[in-house]
Every structure is written in C-alpha cells, then in structure tokens.
Amino acid sequence: MIQSALIFALITFNMVAHAALPTDPIQRCLDVRRLVDISTREKVAAKEPGVLRFKFHKVSASELPIDHPTGNMNEVISALNHQIKNCEKDSGEFQTIEIAGQKFKRDEWCLDTNKKMLALAKTAKGDFQKYLTSIKTEFDWYKSDGWPENHAGYKKGHFQFTAYYAPTAIEARSKREGEFLYPIYENPGVVNVVAESKTFNLRPPLCGVDPMSKIMRGYCLKNTDGTYEVAPDRSEINQGALDPKYIIGYVKDPNDTAFLMLQGSGSLMLDGKLFHINYNGANGRPRTMLSRIVQCAQDPTCGGNLDTMERCAKDPHCRDEAKLSCNISQEIKHSGASEKLIRQYLDHPKNRDKAEDLRNRDQSYVFFKKEESGPFGSEKICLTPHASCATDHKVIPVGMNFIYALKNSTSWCVAQDSGGAIIGAHVDCYKGEGIQAGIEANSINHSGTLFVALPKRKHH
C-alpha cells in the first residue's frame, strides 16, 4: 500500500513537472509560482506517502502559553452555542479522526468538548483569563507540529495564522444602471463534487482535473440532463457566460466583487434594503491571490529567479528554498500586502486599463446566496467574531476547539469554517463585519503555535 502510494505521488509529480507553461510574462510568473506551491506539496507527499501529514503530540497543561490572554467571553459563549447546535446533528464531514496515534469520534471532539467548554465559559463569569486557566486542566492538550518542513516562507514546525472579515455593506442595484455595472451571482447550478458523488453514488472526478495540479475539480456545473461540465472561469463569467437570471445585484466597483469573493461573505444594501450574502459554492477553478497578481504584474521575472524556480520545481530532488523563492523587491512585496494597497495599485491611473485583466488572472469565482442573516461558515454555522476560525478540516475538523499563541498573546477559537487557500498548518481567524474588522484582519499574517483540546481519557 505504501509503495503504491509512493509510486502514485511520483507519477503525479512527474505530470506536474511537465505541465506546459504560457509565454505571457505575467501568466508565466503566476503559473511558475503556482507550480512551486504544488510541487513542494507533492515532494512532501512523495517523501511521506499517503497524505500531507500534519501531526500533533500530547503536552502537559503547564506547557500551554496562557500568560497574555486576548478574548471576549460573550464571543466565546456565542460561538460555543452555535457549535453545539451543529454537533447535535448526525451528519458531519468526518466521523473519526486520529491525533497523536489515538482515534477520536466526532461526539468526543464536537459535542462532549463543546458542552464542557460552554459550562466552563459560563462559570468564568466574563473573565477570559479565568476561562483559559480552567480549560487548561480540564482537557488533554495536543500541540501541532506545524509544517512538516519549510514551506511558503514558513519554517518547519510553524503554524500560519491569517484573518478574514465580512466587508461593510456594499451599495447595489437589482438592475444594471448608471455606475452599477458589475454583477454578483448566485449559484448557477454548480455542485460540490464530493457531496454529489456521495449522494448519487458516482465515481469522481465529475468534470475532470486541474491541468497543472492533476487534482480533481472540487466543483462542477450540473446540466439539466444530469451531465457535468467545467464551470466557466472568472474572465468568461465577466464576459457574460452565465444566464443573467442568476444575478443578485450590480455594484459600482469591480474591486468590491473581487474582495467579496476573497472573504466569502458580506452584505449588500440592495435597492436600499440590507441583505447578507453568504458563500454558496464556487466554479472549481484555481484561486490566485490578488497580492500575487499585482506582484507578478510589476516584476514577472521574480527578480530574475523565475527560470531557476521553474527548473527546481520540476526537479523531484530540488528542495533548495533560495532556488524556489520569488525575489521581488520590498516595495513590490509591500504593494500586495493589504486590501487597501492592492486597491490603490489597481485604481492608480497608470494601471486602470489593465486592472480588469489582472483581476481575471484569478480564474476562481465565488457564488453567493442572498439571506436575511449571516455570515455562515461550514455546515451553515453562524460565525462569531474572534471565536470562529477557518481551518483545513483534514487537519482540524469542524467543531474542534483550540488555543493559539502568536505575537505574545493567547486566544481561543473553534473550527467553524474553511477556505480555498486554507491548506495544512494554516488557520484563518474571522474578525467580524465592517471597516474596523477589515483593518484588524489585514494586520494579521504571522506564525505561531496551536494546541487542540480533547476530552481526558482514562489511562489503564
């Protein structure tokens, strides 16, 4: 079994390594950088067959970093109440997980842990330090070993932390008029491949694989005759590939739609009435971050290192970080460091003519659902600022509680969401809605440590 997994990983790597790359300088820069990301993961998978393994080890309560607590007990209690409702449902993405060599059932990490956390949260009577002190001794704690080796600028052993938010309500119109030219779409019939295959007993992939990664597309467009096809990419959608009946509304600024898709939810002041718009599927195309796009637009050679990056990415034995690094200047790196700076770059008079082309370099497209409430995370869980986090559910599944320490402070969170860019040792913390939440979210991109809480087990 291990041998066959190793052979599969190497075959996949070989296909990735020989993928043809375009001659357009910006697209070539983006594709080489994506190739580096993919091949790095494949090399780890070939080294340790099966999956990219993110491990945990048990630690004593005294090892937990709880000296500088940052948290709000009302938010903690709100998140736990929402989570318990979810845990009481029979269905869940995973029914068992293995951590530090021990198997845990969903009821253990979800229902049992969250109910006990809630009881302790209420006992703390608004004191977050008291809450951390009490949960420290009431659970078994497992520390993440982080990335299994150096990856994407993060050192081996580190866990990456970023943050996201729901933007301030965007003014919109239900009809295309005046300055309101840029549509936001509801789901035109795309389905989640894993869920669809399970429901109808189908064998995936349903609409092929991504040409570069050779990984099956996660979403496909389902036709009325029951067949499946690849959904159009962002450029095709922006050129009218979808039926206008799926348009929720039109906004004035095309950057608003791009960042709304990045955050995954938000709200519209649609014809004067406030609506939440919540994530409702995607087109299954690869996501490219706008920060990377504006960087490649300014220096498509990665400081002259692009050819070296491509050669190293295609060489199964090359793991040299210097050869895999995009050596852009600090000024160019800074231009993609936040939403505000990216907007400034795209809106600059010298860049306006190419801004649409740059936005369309991200092939992914997110669809929304207009609702009275939200925002929602995975499995329709209502998100709570500072207490709901997006995780890779293969590493930290929905409902799992954890504390994390970064920049000399310790916070608590529960896994209640996911994201296309949240892979492996990476947590994305939800910061709430509006301008202040956006400022807070944009200031976080750090490495830190993470500890998951699980019920104490009797040792025989």
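Within the range 159-204, the set of residues being assigned to a loop (DSSP other than H, G, I, E, B), closer than 30 Å to GLY226 by Cα and over 22 Å from the mean Cα position of the chain (by Cα) comprises PRO188, GLY189, ASN201, LEU202, ARG203, PRO204. Out of the residues in the range 347-385 that are among the basic types (Lys, Arg) and crowded, with 18+ Cβ neighbours inside 10 Å, state the one that is nearest to TYR165 (Cα to Cα). Looking at residues that are among the basic types (Lys, Arg) and crowded, with 18+ Cβ neighbours inside 10 Å, I get ARG359. Quickly run through the range 249-259 and pick out the residues that are under 19 Å from GLY272 (Cβ atoms) and out of contact with any Leu (no Cβ under 7 Å at 6 or more places or on another chain). Selection gives VAL251, LYS252, ASP253, ASP256. Among the criteria (1) without any contact (Cβ under 8 Å) to a residue 12 or more places away in the chain; (2) over 19 Å from VAL191 (Cα atoms); (3) hydroxyl-bearing (Ser, Thr, Tyr), the one THR257 does not fulfil is (1). When the range 424-460 is filtered for residues that are crowded, with 19+ Cβ neighbours inside 10 Å, hydrophobic (A, V, I, L, M, F, W, C) and farther than 30 Å from THR137 by Cβ, the ones remaining, listed by number, are ALA437, ALA441.
If you go through the range 408-422 and keep only what is touching a strand residue (DSSP E or B) at 6+ places or on another chain (Cβ under 6 Å) and either under 18 Å from ARG41 (Cα atoms) or outside any strand (DSSP E or B) (or both), you end up with SER418, GLY419, ILE422. Return yes or no: is ALA415 under 23 Å from CYS110 (Cα atoms) and buried (at least 22 other Cβ atoms within 10 Å of the Cβ)? The answer is yes for ALA415.
Mind checking which residues of the range 423-460 are outside any strand (DSSP E or B) and farther than 21 Å from LEU262 by Cα? Answer for the range 423-460, where residues must be outside any strand (DSSP E or B) and farther than 21 Å from LEU262 by Cα: PRO455, LYS456, ARG457, LYS458, HIS459, HIS460. Among the residues of the range 295-315, are any of a type in the set (D, E, K, R), in contact with a Ser or Thr (Cβ under 8 Å, 6 or more places away or on another chain), outside any loop (DSSP other than H, G, I, E, B) and under 21 Å from GLN27 (Cβ atoms)? Among the residues of the range 295-315, at least one is of a type in the set (D, E, K, R), in contact with a Ser or Thr (Cβ under 8 Å, 6 or more places away or on another chain), outside any loop (DSSP other than H, G, I, E, B) and under 21 Å from GLN27 (Cβ atoms), which makes the answer yes. Take the residues in the range 189-242 that are among the hydroxyl-bearing types (Ser, Thr, Tyr) and out of contact with any Pro (no Cβ under 8 Å at 6 or more places or on another chain); name whichever of them is farthest from LYS369 (Cα to Cα). Going through the qualifying residues, I end up with THR227.
Across the range 260-315, the number of residues qualifying as of a type in the set (Phe, Trp, Tyr) and under 23 Å from the mean Cα position of the chain (by Cα) comes to 1. Evaluate the range 294-314: report whether one residue or more is among the acidic types (Asp, Glu), under 22 Å from ARG41 (Cα atoms) and either surrounded by fewer than 22 Cβ atoms within 10 Å (Cβ to Cβ) or in contact with a helix residue (DSSP H, G or I) (Cβ under 6 Å, 6 or more places away or on another chain) (or both). Yes: one or more hits. Of all residue pairs spaced 6 or more apart or on separate chains, those with beta-carbon atoms under 7 Å, a first member in the range 211-235 that is within 15 Å of THR288 (Cβ to Cβ) and in a helix (DSSP H, G or I) and a second member that is modelled with pLDDT of 95 or more and among the hydroxyl-bearing types (Ser, Thr, Tyr) are ARG234/SER364; ARG234/TYR365.
The values are calculated or read from the model by the stated rules, or taken from the named source; none is laboratory data. From a predicted model like this one, the values you see are computed outputs, not experimental measurements. In this analysis, Cβ positions are derived from the backbone assuming ideal geometry, glycine residues included, and neighbour counts consider all displayed protein chains.
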